[in-house]
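Since the structure comes first, as structure tokens, the remarks are kept for the end.
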Amino acid sequence: MSLSSSAVRALELDRHLSVIAPVQGELSRLVRCWQGAHGVSESVQTSHLTIFLYEPTPSTKDMVLSSLVKALYGQYSFSVSMGAIESFMPLSEVSYLPVLEGATDLMTLRQRCIDAVGESSSPFAYVPHLSVSNRLGQRALTDSLQYFASLPSTAERFVVDHLQICEHVQGTWRCLRTVPLDTSHD
């Protein structure tokens, strides 16, 4: 199965905003170490859950950013647990850890973003997950499926206590805002 032209375009957006939940603790360390061992430069190693992706025009970027912050502010922190590693093959050469506990919270946050600024720029259906191997080739994909087949108990779950709104410009990420989540309910 090949990707549609709009899917390929979304994968290669020169400039977009992403609302993400940074992955915390041991899981983040494991993913970054694995990515580094497979040639991913430190500046583009990722350990986050993407919630929402949006491609504003240059003239609307500040308004979109402000609207996203307002939509996300005051939300509660939540726990996330990961499932067994899977792959999006043959649609996309990506391996990932699906979100089990916390998926509903991520979908709620995503809907708040959609309500604030409109539909996501991603052509894919939303699947709450942590990408591990992202278009690194078949060998890396296979290795990731083996390496992450069993997570240590210290890496199975973490708490999302803040979100970030990041700008991706031609392969480089920059955090524009950090949105703390309310931890008073714990």
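The values are calculated or read from the model by the stated rules, or taken from the named source; none is laboratory data. All figures in this text were calculated on a predicted structure; none of them were measured in a lab. Every residue, glycine among them, receives a Cβ derived from its backbone with ideal geometry; neighbour counts consider all protein chains shown. Note: accessible area is taken over every heavy atom of the protein model, side chains too, but ligands, DNA and RNA are not part of it. Shrake-Rupley method; radii C 1.70, N 1.55, O 1.52, S 1.80 Å.
In this entry, the chain is assigned a mean projected area of 10.3 nm², taken as a quarter of its C-alpha convex hull surface. Each 5 Å bin, from zero up to the one with the longest distance, holds this percent of the alpha carbon pairs of segment 116-167: 4, 11, 15, 21, 19, 17, 8, 4, 0.
Here the spin labels are modelled as points 7 Å beyond Cα on the Cα-Cβ line, and at residue 169 and residue 142 they lie 4.1 nm apart.
The share of accessible area on the chain that comes from carbon and sulfur is 51 percent, using a 1.4 angstrom probe.
Result for the chain in a Gaussian network model with C-alpha springs under 10 Å: among 82, 63, 107, the largest mean-square fluctuation is at 63. Between amide H atoms placed 1.01 Å from N, distances below 5 Å from residue 122 occur with 53, all of them 5 or more places distant or on a separate chain. With a simple spin-label model that places each label point 7 Å from the Cα along the Cα-to-Cβ direction, the separation between residue 162 and residue 135 comes to 3.0 nm. Per residue, the chain reaches -9500 deg cm²/dmol at 222 nm when only DSSP H runs of four or more residues are counted, each adding -39500 (n - 2.57). Taken over segment 100-186, the convex hull of the Cα atoms encloses 159 Å³ per residue. Eigen-decomposition of the gyration tensor built on the alpha-carbon atoms of segment 60-107 gives equivalent ellipsoid semi-axes of 29, 18, 6 angstrom, largest listed first.
Charged neighbours of residue 25, selected by a Cβ distance under 13 Å, balance to 0 (K, R count +1; D, E count -1). In the context of the full set of protein chains, residues of the chain present 52 Å² of accessible surface per residue (probe radius 1.4 Å, heavy atoms only).
Take the Cα of residue 33, step 7 Å toward its Cβ, do the same at residue 153, and the gap between the two points is 1.9 nm. In segment 37-120, inverting the average of 1/r over every pair of distinct C-alpha atoms gives 15.2 Å as the Kirkwood radius. For the options 54, 147, 96, a Gaussian network treatment of the chain with springs between C-alpha atoms closer than 10 Å singles out 147 as fluctuating the most.
Relative contact order of the chain, please, whole-number percent, based on alpha carbon pairs below 8 angstrom and at least 6 residues apart.
Details: 320 pairs, mean separation 62.2, N = 186.
Relative contact order comes out at 33 percent.
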